[in-house]
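Peer 1: Before anything else, here's the structure in question.
All of the numbers you see were taken from the coordinates with simple rules; none came from a lab. What you see is a predicted model; the values in this text were computed from it and never measured. Cβ coordinates were reconstructed from backbone atoms using ideal geometry, including for glycine residues, and neighbour counts include every protein chain displayed.
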Amino acid sequence: MIFMRNVQKLSLAGALAAFLAVDLSAADAVNPPAGFKPLFNGQNLDGWWGAGTEDPRKWMALSPEEFAKKREASIEDIRAHWRVENGELVNDGEGLYLTTDGNYGDYELVLEYRTVPKADSGVYLKGVPQVQIWDYTEEGGKWNIGADKGSGGLWNNSAGAPGKDPLVLADKPFGEWNKFRIIQVGSRTWVWLNDQPAVINAIMENYFDRKTPIPPAGPVQLQTHGGEIRWRNVFLREIGADESNRLLRGPDPDGFKLVFNGRNLDGWDGPLNGYEVRDGILACKPHAGGTIFTKQEYGDFMVRLEFRLPPYGNNGLAIRYPGSGNTAYDGMCELQVLDNSHPEYASLDRRQYHGSAYGMVPAQRGYLRPVGQWNYQEVTVKGSTIKVELNGSVILDCDLSGVTEFMNGSAHPGKDLKRGHFGFAGHSSPVEFRNIAIKSLD
């Protein structure tokens with residue numbers, strides 16, 4: 001995903017904030033804005049349990065019985081440090097963090113909070129820290145670690161990473177209520193603090209394992225320590241695939257050029273009779289396929305597209321394809337496009353699942369949308385490196401020049417190609433593609 005200059009960021013942030021404006025002044029704990037649901041009922045702690053800063057994948061892997069014990073064991077601590085007062089959640093600055101029973105994927109979260117001097121807090125997204133809340137004054141004693149920049153940043157991102165520091169200082173004085181609007185699609189995160197853009201389209205890093213994305217779904221956690229904090233009007237709206245794809249694609253083409261016009265296969269070559277064009281969609285025909293490719297060649301480039309898998313769907317992105325041969329071996333690589341969920345694929349080599357550089361480097365699994373929904377994917381090819389971002393999460397980031405072990409010991413003579421065509425390697429199933437655009441990085 002392309003990050004805009006600061007002025008463009010702020011302009012886009014303002015436009016998006018206006019489009020998604022939510023009026024909390026007219027809301028209360030049990031009457032959320034249209035499209036939202038309350039996470040806090042204004043009366044008690046139903047729907048919440050307690051967890052600390054711990055990798056959510058570990059407790060998600062527990063059996064139902066083991067998790068029930070863990071959840072029940074947390075309730076005593078929650079009751080000791082959390083209470084409901086005048087329709088507000090109140091924490092004394094200690095104890096476990098309030099954690100939703102529900103796990104959420106793509107969503108918009110809005111809430112208000114009020115804190116005190118020297119307190120430190122945050123909002124964990126999908127169980128991962130965090131959207132930062134803290135004392136932004138010099139008296140708070142944390143200017144040396146960024147508190148002077150204010151709240152709202154993804155503070156646990158790596159130093160210098162987009163989103164770590166908020167774009168603006170927007171905290172209100174102590175004693176006043178602050179308002180967050182947070183959107184997260186995959187790992188891509190937007191944050192507004194008091195209607196000001198703090199984070200725009202930045203990847204939230206996985207604090208527990210920076211080599212893997214944050215989980216595809218997880219709880220909202222209200223983290224607190226060091227002083228009393230109050231929360232109210234905590235509402236969430238789940239975002240569907242089409243809206244998520246629009247957010248990820250963004251309004252600005254930023255140098256991308258469509259390589260599929262939606263009407264025909266002008267500009268393409270190869271076994272074109274194995275594909276069909278309908279309603280702006282390029283689809284492989286059932287029991288047909290082969291590798292079709294752009295007439296134009298590319299060296300370094302980015303491609304972004306949407307695809308939809310049928311059950312048992314199998315296709316691939318041809319990267320630096322020479323125009324003949326098997327793109328998985330004779331091209332730089334084939335990036336798998338595959339229905340990972342199908343039982344027929346349960347025993348594949350790890351390097352055969354969706355997003356993998358076929359036969360060479362495996363991609364992270366678990367980030368495809370259900371079969372039948374449109375997925376959004378971006379691929380960046382620079383030199384010998386390839387990065388695949390699926391639905392807002394980076395599932396592959398590798399350097400093929402260092403690969404020495406291949407599936408079944410099969411050689412990949414094309415992996416060091418510096419230039420070639422982009423295409424689709426059809427494997428007899430009706431996988432669909434649309435909105436295919438490429439930006440040359442040469």
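Peer 1: What percent do you get for the relative contact order of the stretch 236-374 when only Cα pairs under 8 Å and 6+ apart count? Could the numbers behind the result be given before it?
Peer 2: On the way: 191 pairs, mean separation 22.9, N = 139.
Taking the mean separation of contacting Cα pairs over the length of the stretch 236-374, I get 16 percent.
Peer 1: Return, ordered by residue number, the residues of the stretch 88-102 whose backbone nitrogen is under 18 Å from a label point located 7 Å along Cα→Cβ of Glu54.
Peer 2: Answer for the stretch 88-102: 94-102.
Peer 1: According to the Cα gyration tensor, what semi-axes, each the square root of 5 times an eigenvalue, does the equivalent ellipsoid of the stretch 253-440 have, listed from largest to smallest in whole Å?
Peer 2: Numbers: eigenvalues 94, 77, 52 Å².
Each semi-axis is √(5λ); the values are 22, 20, 16 Å.
Peer 1: Looking at Asn233, Ala159, Ser429, which one has the Cα that reaches farthest to the positive end of the dipole of the chain (charges on Cβ: Lys, Arg +1; Asp, Glu -1)?
Peer 2: My answer, from the dipole projection, is Ser429.
Peer 1: Mind sorting Glu228, Glu205 by how few other Cβ atoms lie within 10 Å of their own Cβ, fewest first?
Peer 2: On the way: Glu228 15, Glu205 23.
Sorted ascending by nearby Cβ count, the order is Glu228, Glu205.
Peer 1: Relative contact order for the stretch 6-246 using alpha-carbon pairs under 8 Å, separation at least 6, rounded to a whole percent? Don't skip to the answer; put the middle values down first.
Peer 2: Working: 541 pairs, mean separation 66.3, N = 241.
Once divided by the residue count of the stretch 6-246, the mean separation gives 28 percent.
Peer 1: Under a cut-off of 20 Å between alpha-carbon atoms, report the lysines in cross-link reach of Lys142, not counting same-chain residues fewer than 8 places apart.
Peer 2: Lys118, Lys164, Lys172
Peer 1: How much length, in nm to one decimal, is gained on full extension between Arg83 and Lys211, taken as 0.36 nm per residue of separation minus their Cα-Cα distance? Mind showing how you got there, number by number?
Peer 2: Numbers: separation 128, 0.36 × 128 = 46.08 nm, distance 3.76 nm.
Result: 42.3 nm gained on full extension.
Peer 1: Further, regarding this structure: Let me know the Kirkwood hydrodynamic radius for the stretch 234-350, please, with Cα pairs as the basis and the value in Å to one decimal. Before the final figure, lay out the partial values.
Peer 2: Values: mean 1/r = 0.0602 Å⁻¹.
Every distinct Cα pair counted, the radius reaches 16.6 Å.
Peer 1: Among His421, His427, His354, what is the fewest-to-most ranking by other Cβ atoms within 10 Å?
Peer 2: Numbers: His421 23, His427 19, His354 29.
By the 10 Å Cβ count, ascending: His427, His421, His354.
Peer 1: Okay, next question. First check a/c for the stretch 6-246, with a ≥ b ≥ c the square roots of the eigenvalues of its C-alpha gyration tensor; if it is under 1.5, answer rounded, and if not, answer prolate when a/b is larger than b/c or oblate otherwise.
Peer 2: Judged from the Cα gyration tensor, the stretch 6-246 comes out rounded (a/c under 1.5).
Peer 1: Ranked by Cβ crowding within 10 angstrom, fewest neighbours first, how are His287, His412 ordered?
Peer 2: Values: His287 9, His412 22.
Final ranking by Cβ density, sparse to dense: His287, His412.
Peer 1: While we're on this one: Under 23 Å from the Cα of Lys257, which lysines turn up, not counting those fewer than eight places away in the same chain?
Peer 2: Within reach: Lys9, Lys295, Lys382, Lys387, Lys418, Lys439.
Peer 1: Now a separate question. If I take every Cα pair under 8 Å that is 6 or more residues apart in the chain, average their sequence separation and divide by the length, what percent do I get for the relative contact order? Write out the running numbers ahead of the final one.
Peer 2: Working: 1086 pairs, mean separation 70.3, N = 442.
In percent, rounded to a whole number, it is 16.
Peer 1: Roughly how big is the chain's charge dipole about its Cα centre, with Cβ charges of +1 (Lys, Arg) and -1 (Asp, Glu), in debye to the nearest 20? All intermediate terms of the calculation are to be shown ahead of the outcome.
Peer 2: Details: 46 positive and 55 negative charges, 197 e Å.
I would put it at about 940 debye.
Peer 1: Bin by bin, in steps of 20 Å, what percent of the Cα pairs in the chain do you find, going until the bin that has the longest distance?
Peer 2: The distribution over the chain is 24, 50, 24, 2, given as percents.
Peer 1: If you don't mind, there's one more thing I want to ask. Longest exposed-loop-site-free stretch of the chain, with trypsin sites (Lys or Arg not before Pro), DSSP loop and at most 10 other Cβ within 10 Å? Write down the numbers at each step before the final one.
Peer 2: On the way: sites that count: Arg5, Lys211, Arg263, Lys418.
That gives 6-210 as the longest site-free run.
Peer 1: Sticking with this one: Calculated FRET efficiency, His342 and Asp300, Cβ-Cβ r, R0 25 Å, to nearest 0.05? Don't skip to the answer; put the middle values down first.
Peer 2: On the way: r = 34 Å, r/R0 = 1.35.
E(calc), rounded to 0.05, equals 0.15.
Peer 1: Just want the answer: with Cβ charges of +1 for Lys and Arg and -1 for Asp and Glu, which residue in Val168, Gly35, Ser347 is farthest toward the dipole's positive end in the chain?
Peer 2: Final value for the positive-end residue is Ser347.
Peer 1: If you keep only loop residues by DSSP, which GluC sites (Glu not before Pro) in the stretch 73-132 have at most 14 other Cβ atoms within 10 Å of their Cβ?
Peer 2: Details: sites: Glu76, Glu85, Glu88, Glu94, Glu108, Glu112; in loops: Glu94.
For GluC sites (Glu not before Pro) across the stretch 73-132 that sit outside H, G, I, E and B with at most 14 neighbouring Cβ atoms in 10 Å, the list reads Glu94.
Peer 1: Return the calculated 222 nm mean residue ellipticity for the chain, to the nearest 500 deg cm²/dmol, obtained by summing -39500 (n - 2.57) across DSSP H runs with n ≥ 4 and dividing by the residue count. List each step's numbers first, then the result.
Peer 2: Values: 5 runs with 50 residues, N = 442.
Rounded to the nearest 500, the figure is -3500 deg cm²/dmol.
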